[in-house]
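Here the structure comes first, spelled out in structure tokens, and everything after it is commentary.
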Amino acid sequence: DTEVTQTPKHLVMGMTNKKSLKCEQHMGHRAMYWYKQKAKKPPELMFVYSYEKLSINESVPSRFSPECPNSSLLNLHLHALQPEDSALYLCASSPVRGSSGNTIYFGEGSWLTVV
Amino acid sequence: GDSVTQMEGPVTLSEEAFLTINCTYTATGYPSLFWYVQYPGEGLQLLLKATKADDKGSNKGFEATYRKETTSFHLEKGSVQVSDSAVYFCALSDPRGYQKVTFGTGTKLQVIP
């Protein structure tokens, strides 16, 4: 069972809507991630937060806005998305550093459809 | 840069057949290696991992050995079940602690009764 919880599981939104994806973990991890996964492709890294600060932004368009309110929560705010943004959005967490080599644990994902 | 190469799928096997999914990597230093599994409609689950050369990761009957000399981390299972049908991703992480994981393209496994 995953210990990274994502809501909602499914989201349909219009191109003018504002919505948010939410993620929560209680493993004490201080690194949290957003990935985007298109069908039949591996996950693509979007953002990394380390100690609640944004440490990596993989040149993601500004219509995606991440937020890390505390060490357990991670949000992804969505605004003015395009149909091509439809995908599975995966949240993940890991220790910041460690001998286990940054093992990343994923949530079940949020399926986003932009209409 | 770092990269992971997996065998092309889909792989179709009969139940109880032996499974091998090949994975090779290119990396500077000594990466940690992982196999993730993604069942239809779900997120990624960590299947197994190995953090140094000659380590063997194992879980649910799956095994993979970190082979530094051949830069490989092949996934094996002695007898697959229909419930093993999924997409399998090989991945590596930078040991320096930078939070980037490099994934292979994934291999779809279909097990038929």
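Derivation of every value follows stated rules applied to the coordinates shown; laboratory data play no part. Quick caveat, the model's predicted, so the values are computed rather than measured.
Test of understanding: express the Cα radius of gyration of chain B as a ratio to 2.2 N^0.38 Å, with N the residue count. Display every interim value, and only then the final one.
Values: Rg = 13.5 Å, N = 113, 2.2 N^0.38 = 13.3 Å.
In units of the 2.2 N^0.38 Å rule of thumb, it is 1.02.
Across all directions of projection, what mean area in square nanometres is found for the Cα convex hull of the stretch A:1-67?
On the way: hull surface 22.7 nm².
In nm², the orientation-averaged hull projection of the stretch A:1-67 is 5.7.
Excluding same-chain residues fewer than 8 positions from A:Lys9, which lysines have a Cα within less than 26 Å of its Cα?
Straight-distance partners of A:Lys9: A:Lys18, A:Lys19, A:Lys22, A:Lys36, A:Lys38, A:Lys40, A:Lys41, A:Lys53, B:Lys100, B:Lys108.
Can you list the HN-Hα couplings for the stretch B:53-62, worked out from phi with the Karplus curve (6.51, -1.76, 1.60; θ = phi - 60°), rounded to whole Hz and with x for Gly and Pro?
Each residue's phi maps through the Karplus curve to give 4, 6, 5, 10, x, 8, 5, 6, x, 8 Hz.
Taking amide hydrogens as modeled 1.01 Å from N in the peptide plane, which residues meet the under 5 Å criterion relative to A:Ile56, leaving out close sequence neighbours?
A:Val48
Which whole-Hz ³J(HN,Hα) couplings does the stretch A:47-61 yield from phi under the Karplus relation 6.51 cos²θ - 1.76 cosθ + 1.60, θ = phi - 60°, glycine and proline marked x?
For the stretch A:47-61, the Karplus-derived couplings read 9, 10, 10, 10, 6, 6, 10, 5, 10, 9, 10, 7, 6, 7, x Hz, x marking Gly and Pro.
Taking Cα centroids, how far is the stretch B:41-99 from the stretch A:1-74 in Å?
First find each Cα centre; the distance between them is then 24 Å.
Amide H neighbours of B:Ser32 under 5 Å, at least 5 residues apart or on other chains, H built in the peptide plane: list them.
B:Ser93
Using only the C-alpha atoms of chain A, find the volume of their convex hull and express it per residue in Å³.
Working: hull volume 11.6 nm³, N = 115.
Considering the Cα atoms of chain A, their hull volume per residue is 101 Å³.
Which whole-number percent of Cα pairs in the protein assembly as shown have a distance greater than 21 Å? Before the final figure, lay out the partial values.
Values: 14330 of 25878 pairs.
Value for the protein assembly as shown (Cα pairs over 21 Å): 55 percent.
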